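Heads up: the structure comes next, in structure tokens.
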Amino acid sequence: LVPTTILAAQHYETFKERFAASPFNIALVNRYKTSAEKKKIFKDVSEGKIDIVVGTHALLSNQSDFKDLGLLIIDEEQKFGVKQKEHLRELRLTVDTLSMSATPIPRSLHLSLTGVRDISLINTPPMNRLPVETKIIQRDDTVLAEAFHDELSRGGQVFVVNDRVQSIEQLAEDIEAMAPNARVAVAHGQMEDRDLERVMDAFIKGDFD
């Protein structure tokens, strides 16, 4: 269970990759699924035909009924609303639960310190993860162009953060000039949710550089 469709898609792809050699049926539920698709997935889940289901809060709808739910994994639990947390609290009474977060909220830490909830820390970075190299400099388009070239030539992607929505389109044009072969997309918080998620989803899939 995850708070955003983007995260759901990432987890879904990871599960499919990890269990490619296993005979498990894995499904994804998010807002892009039609009502008919969701209905079919929920039916298969209730009949035990689906072994792992990954999804957003759509999984908490009244339609969802699990045949034999054994494990609930919640990613970024702090991003769920009060109503959803109430539903999760009911589920927790009967199901083993694993909550994951990069930034644990004080309440979760308090529960772990008082012994109500067990906590584990992952301090080891993933294999082949290189240390982050940080440089603080004035904007220098030559340095930026080199950085774009280095990253794209190794098959990587670039994520550029700008602090003003008003100037973001101009920055995108500047980047297109610095990296003429790059497919550049723009995303910001004032876009419609669906448009923003479509851009981010396409970026994750590698449609943009």
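The values are calculated or read from the model by the stated rules, or taken from the named source; none is laboratory data. Computed from a predicted model, the values in this text were never measured in an experiment. Glycine also receives a Cβ, built like all others from the backbone with ideal geometry; neighbour counts cover every protein chain displayed. Remember, those area values only see protein heavy atoms, side chains included, never the ligands or the DNA or RNA. Shrake-Rupley method; radii C 1.70, N 1.55, O 1.52, S 1.80 Å.
A quick yes/no check of all residues on (1) among the hydroxyl-bearing types (Ser, Thr, Tyr); (2) over 24 Å from residue 78 (Cβ atoms):
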site	(1), (2)
108	yes, no
129	no, yes
139	no, yes
193	no, no
205	no, yes
Checklist entry - Just to be sure, is residue 130 within 22 Å of residue 88 (Cβ to Cβ), of a type outside the set (Asp, Glu) and free of Cβ contacts under 8 Å to residues at least 24 places away in the same chain? => result no
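Quick one: would you say residue 166 is without any contact (Cβ under 8 Å) to a residue 40 or more places away in the chain and out of contact with any Leu (no Cβ under 7 Å at 6 or more places or on another chain)? Spell out how you get there, then give the answer.
Values: without any contact (Cβ under 8 Å) to a residue 40 or more places away in the chain: yes; out of contact with any Leu (no Cβ under 7 Å at 6 or more places or on another chain): yes.
In short, yes.
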When every residue in region 4-50 that is under 14 Å from the mean Cα position of the chain (by Cα) and either among the small types (Gly, Ala, Ser) or open to solvent by less than 30 Å² (accessible area, probe 1.4 Å) (or both) is compared, the one nearest to residue 97 (Cα to Cα) is 8
Given the conditions (1) closer than 27 Å to residue 201 by Cβ; (2) modelled with pLDDT of 80 or more, every one holds for residue 124 apart from (1)
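When you check residue 75 against the structure, is it modelled with pLDDT of 85 or more, surrounded by 15 or more Cβ atoms within 10 Å (Cβ to Cβ), acidic (Asp, Glu) and over 14 Å from residue 1 (Cβ atoms), yes or no? Steps first, answer last, please.
Working: modelled with pLDDT of 85 or more: yes; surrounded by 15 or more Cβ atoms within 10 Å (Cβ to Cβ): yes; acidic (Asp, Glu): yes; over 14 Å from residue 1 (Cβ atoms): no.
In short, no.
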How many residues of region 178-209 are within 24 Å of residue 141 (Cβ to Cβ), without any contact (Cβ under 8 Å) to a residue 24 or more places away in the chain and either among the charged types (D, E, K, R) or open to solvent by 80 Å² or more (accessible area, probe 1.4 Å) (or both)? The answer is 1
* Inspect all residues belonging to region 103-118 and state whether any of them is open to solvent by 70 Å² or more (accessible area, probe 1.4 Å) and in contact with an Asp or Glu (Cβ under 9 Å, 6 or more places away or on another chain). => yes
